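Note sheet for the following structure.
The values are calculated or read from the model by the stated rules, or taken from the named source; none is laboratory data. Just so we're clear, the structure is a prediction, and the values are computed from it rather than from any experiment. With ligands, DNA and RNA removed, areas are computed over all heavy atoms of the protein, side chains included. Shrake-Rupley method; radii C 1.70, N 1.55, O 1.52, S 1.80 Å.
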Amino acid sequence: MNCIIVDDEPLAREAIEILLESTPELTLVGTFGSALAAQRFLSQTQVDLAFLDIQMPGLTGIEFAHSISPQTLVIFTTAYSEYAIDSYEVDAVDFLVKPVEKERFCKAVDKAVSYFKLLTQADKQSIEQCADDYFFVKSERKFCKVRFADVLFVEGLKDYVVIQLENQKIITRMNLKGISALLPSAMFMRVSKSYIVNINHIDAFDNNDIYIGSHEIAIGESFRNEFFEIFVKKQRGV
């Protein structure tokens, strides 16, 4: 995968460059001190992944992420953890807080590589049929049966959704609003602009995040009150 680094801080760019030296899956094709410079580069070059700072003079990282091709994945890097929710609003693959730790960096890269592979196959996939307790997804020339109960969560990613099962990801060209209409409301709940979760698989939660197995999902600000009101009531049997 080709990648770029966009950050107005030279030391921050250098830190990501060092981490990339031990990441054979990614090839660094450019580093930029501003989003405007990166924008000019992207107008002539296809880039698969951008490591992108949020707070930059001129064009911010969020604004830049909205402007680029849906084919370019984004991992945000910032010193301010409070921007995590903003990153999910633009379908970012992940969010890294500076200084970026190697283990956390590798986890984000693995996720980006996985999604990149899924996106390259996405045109072969679509939801074809929906029943009371399952639906079929076309994947690699065959139809796969997916039970609602087996879905951990659904994540919006650019023009697609990623259906996360216990040991498998399935991607289809569809938006969250469309798939939300197919999912049983008694089992699934929208918790941000980018995520729908199966409430039966929630292992823990706090004021900001939901934990499903090893997955940590941020609760969107505009969805928080509804989540606590509906989910807590269901747990109490109200």
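Rounded to the nearest 5, what % of DSSP beta bridges with both residues in the chain are antiparallel? List each step's numbers first, then the result.
Working: 31 of 49 bridges.
The antiparallel fraction comes to roughly 65 percent.
Where does each of E21, E229 land when they are ordered by accessible area, with a 1.4 Å probe and the largest first?
Per-residue accessible area, sorted high to low, gives E21, E229.
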Exercise. Percent of alpha carbon pairs in the stretch 153-238 separated by more than 22 Å?
Worked result: 21 percent
Exercise. In a GNM of the chain with a 10 Å cut-off on Cα contacts, which of V191, V162, V29 has the highest mean-square fluctuation?
Worked result: V29
Exercise. Helix 102-121 sits at what angle to the longest principal axis of the chain, using alpha carbons and giving 0 to 90 degrees rounded to 10?
Worked result: 70 degrees
Seminar exercise, completed: Between [x] 32, 21, 15; [y] 39, 19, 16; [z] 28, 23, 16, the structure-derived semi-axes √(5λ) of the Cα gyration tensor in Å is [x]
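Taking only the C-alpha atoms, wrap a convex hull around the stretch 144-186 and report its volume per residue in Å³ as a whole number. Please report the intermediate quantities before stating the final value.
Numbers: hull volume 3.1 nm³, N = 43.
Convex hull volume per residue, Cα atoms: 72 Å³.
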Seminar exercise, completed: Too long for a 20 Å Cα-Cα cut-off, among K107/K193; K102/K193; K117/K158; K145/K169, are K107/K193; K102/K193
